[in-house]
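Engineer: Quick one: the structure is below, and I'll ask about it shortly.
Just so it is clear, none of the values below were taken in a lab; they were calculated from the coordinates. On a predicted model such as this, the values are computed, not experimentally measured, just so you know. Backbone-built Cβ (ideal geometry, glycine too); neighbour counts: all protein chains shown.
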Amino acid sequence: MRINFEVVKVVGTRTLVCEGGCGRRAARRKTFECTINPFNRNKDGTIKSREEVRAQAQAEANKWRPAPYTCTACGGHA
């Protein structure tokens, strides 16, 4: 038997400026996922609601920081 839990997705986006000196801009996107399931609980033992799970995924997206960016023209790997 297979049980599929509902997935809550949040997309984190960051705008970066080349650190190689040219000042070019780039954007990075990453998707953060959490599931609504009976094992995803609060500290007091209650099951997390959809809003609480979404807030958890949003908190992970807010913490996310990509690595320093250097464009290919300045010698980076894109």
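Engineer: Tell me which residues, restricted to segment 30-56, are of a type in the set (D, E, K, R) and surrounded by 10 or more Cβ atoms within 10 Å (Cβ to Cβ).
Structural biologist: K30, E33, R41, K48, R50, E52, R54
Engineer: May I pose another question? Yes or no: G12 at positive phi and small (G, A, S)?
Structural biologist: Criteria not met by G12.
Engineer: If you scan segment 38-56, which residues turn out to be over 14 Å from V7 (Cα atoms) and among the basic types (K, R)?
Structural biologist: R41, K43
Engineer: To continue, here is another question. Looking only at residues in segment 57-78 that are within 14 Å of the chain's Cα centre (by Cα) and under 30 Å from G21 (Cβ atoms), which one is surrounded by the most Cβ atoms within 10 Å (Cβ to Cβ)?
Structural biologist: Checking each candidate, the answer is A61.
Engineer: Does segment 35-56 hold any residues that are in a loop (DSSP other than H, G, I, E, B) and hydroxyl-bearing (S, T, Y), and which are they? Steps first, please.
Structural biologist: Quick first cut of segment 35-56, residues in a loop (DSSP other than H, G, I, E, B) only: 37-40, 42-46, 48-49.
Within segment 35-56, T46, S49 qualify.
Engineer: Please name all residue pairs, on different chains or six or more residues apart, with Cβ atoms under 8 Å, provided the first residue is in segment 1-25 and is under 22 Å from K48 (Cβ atoms) and the second residue is aromatic (F, W, Y) and assigned to a loop (DSSP other than H, G, I, E, B).
Structural biologist: Short answer, once both residue conditions are applied: G12/W64.
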